[in-house]
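Below is one structure, written out as structure tokens; comments come after it.
The values are calculated or read from the model by the stated rules, or taken from the named source; none is laboratory data. Not measured: the values here are computed from a predicted model. Positions of Cβ are generated from backbone atoms using ideal geometry, with glycine treated the same way; all protein chains shown enter the neighbour counts.
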Amino acid sequence: MQPRRVARELALLGVNQLPATAAKLSEKQLEDLLLAAIRALQEETHETLSTAAAEIQRSDRLLHESDPLLLAASDAKEEGGARSLTVRLQQAQRHLQRLETALKEANAGDTVQGELLELAHQAQVALSNAGQALEHLEQRLYSVRRILDEVVQLSQKAVNRLGVALSMPELLHIAQAQEVRAYALQLLTALRTHKEAIDARLQGVLVGWQLKRVGRIERDILRLAVVEMEILRSSPDKVAINEAVELAKKYGDPEAAAFVNGVLRRLVDSRMEAPFGRNPSPAGDLRS
């Protein structure tokens with residue numbers, strides 16, 4: 001796992017720990033600032049594992065619930081339990097054949113109208129019963145499909161959460177490195193110092209949105225990306241955008257990644273010459 005990627009994640013988790021002023025930030029001990037972010041990662045690991053376990057348990061329960069439906073759907077028995085759906089359809093077919101024969105005979109004048117009406121009624125009832133049975137079967141099958149779809153979705157979520165949780169120990173280990181914490185603090189310091197300019201820059205490229213109405217996570221990810229791209233200039237645009245998208249995938253809602261990607265690409269396209277002054281201090285020798 002790359003040090004700067006961990007530093008970005010720590011910075012994102014540490015944004016809420018920022019004091020009200022930049023002056024106070026310089027006085028705040030590094031350990032106090034980033035320990036909260038590391039604790040947040042630890043708590044997230046436990047929560048992720050708990051959620052994955054719950055999703056697996058629910059998947060197992062749903063599978064057990066689907067068993068009776070599968071059996072019922074495969075049987076498709078009549079209410080009385082006497083005939084299957086196949087028998088019902090065969091019965092309707094026989095009534096229709098008799099009706100067809102009767103109609104031919106009626107044309108020859110050998111069948112009375114009452115018999116025709118009775119045969120037609122019997123055929124209609126048989127078809128209605130068969131149709132109801134089919135509808136009931138379809139409902140059962142739909143219920144089974146819906147349950148199985150949910151099982152697949154829950155299982156996939158559980159697998160994804162487990163993957164995230166398994167990566168946490170390495171992330172937490174790297175987060176202890178001084179260079180990682182130093183870069184995370186550098187990101188946070190620049191964000192606090194240039195927050196108004198960053199927000200104005202982002203608002204200028206938002207289409208149909210007000211920055212204050214953007215979700216907190218997405219907004220903080222965008223701000224940190226602008227810090228890297230236009231204040232510290234510590235990462236190439238492509239790298240900063242890709243890393244921001246990865247953070248959005250991990251911490252945002254399903255649409256967050258596409259939203260973050262679109263905003264940052266518009267920012268690059270609309271960039272004027274040096275919108276921010278170069279930071280006098282180099283960003284260090286960490287590599288993305």
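Key figures
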quantity: Lone unmet requirement of (1) part of a helix (DSSP H, G or I); (2) at pLDDT 90 or above for S235; calculated: (1)
quantity: When residues of the stretch 239-274 are limited to those that are under 14 Å from A225 (Cβ atoms) and outside any helix (DSSP H, G or I), the one farthest from the chain's Cα centre (by Cα); calculated: R271
quantity: Checking V207 against (1) touching a Leu at 6+ places or on another chain (Cβ under 6 Å); (2) surrounded by fewer than 20 Cβ atoms within 10 Å (Cβ to Cβ), the condition it does not meet; calculated: (1)
quantity: Among (1) out of contact with any helix residue (DSSP H, G or I) (no Cβ under 9 Å at 6 or more places or on another chain); (2) more than 16 Å from R4 (Cα to Cα) - the single one Y251 does not satisfy; calculated: (1)
quantity: Some residue of the stretch 213-220 being surrounded by 20 or more Cβ atoms within 10 Å (Cβ to Cβ) and either in a loop (DSSP other than H, G, I, E, B) or free of Cβ contacts under 8 Å to residues at least 40 places away in the same chain (or both); calculated: yes
